[in-house]
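Worksheet: one structure, shown below.
The values are calculated or read from the model by the stated rules, or taken from the named source; none is laboratory data. All values derive from a computational prediction rather than experimental measurement. FYI the Cβ positions are ideal-geometry reconstructions off the backbone, even for glycines, and counts take in every protein chain you see. When the accessible area is computed, the model is the full protein with side chains, heavy atoms only, and any ligands, DNA or RNA have been set aside. Shrake-Rupley method; radii C 1.70, N 1.55, O 1.52, S 1.80 Å.
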Amino acid sequence: MRKTPSTNIMTLQQAAAASPTLSSLAERAQASRDRLQRVRGSLPQGLRTLVQPGALEDGQWCLLAPSPAVAAKLRQCVPAMLALLASQGQGVEKIRIKVASPAGRGT
């Protein structure tokens, strides 16, 4: 006799609320998105839509760039982003810039 699979389907928000680990991860992801929103206006116009939020942990924030050229330009903006975040009470000790892997290609 075959068992019927459980029909307990949860939304991502419900799963995150039910798990301390997922909840913490969701909170850090939201905090990273919030910080990007705060600094986006200070970035050069051409970079604003290209940068993506990355990991935020232990006082370090990572931003993802689609290419080495964008990453180089973002690195020039790091001091201004650090100062802006600090002035808004959202400071981090360090901002790291990484080049994101293209979709569909493993590294």
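The set of residues in the range 57-69 that are open to solvent by less than 20 Å² (accessible area, probe 1.4 Å) and under 15 Å from Leu43 (Cβ atoms) comprises Trp61, Leu63, Ala65. Here Ala26 clears all of (1) assigned to a helix (DSSP H, G or I); (2) at pLDDT below 75; (3) among the aliphatic types (A, V, I, L, M) except the condition numbered (2). Restricting attention to the range 66-79, does a residue exist that is touching a residue at least 12 places away in the same chain (Cβ under 8 Å) and touching a Lys or Arg at 6+ places or on another chain (Cβ under 8 Å)? Yes.
When you go through (1) open to solvent by 50 Å² or more (accessible area, probe 1.4 Å); (2) more than 19 Å from Glu93 (Cα to Cα) one by one for Arg40, which number turns out not to apply? Result: Arg40 passes all but (2).
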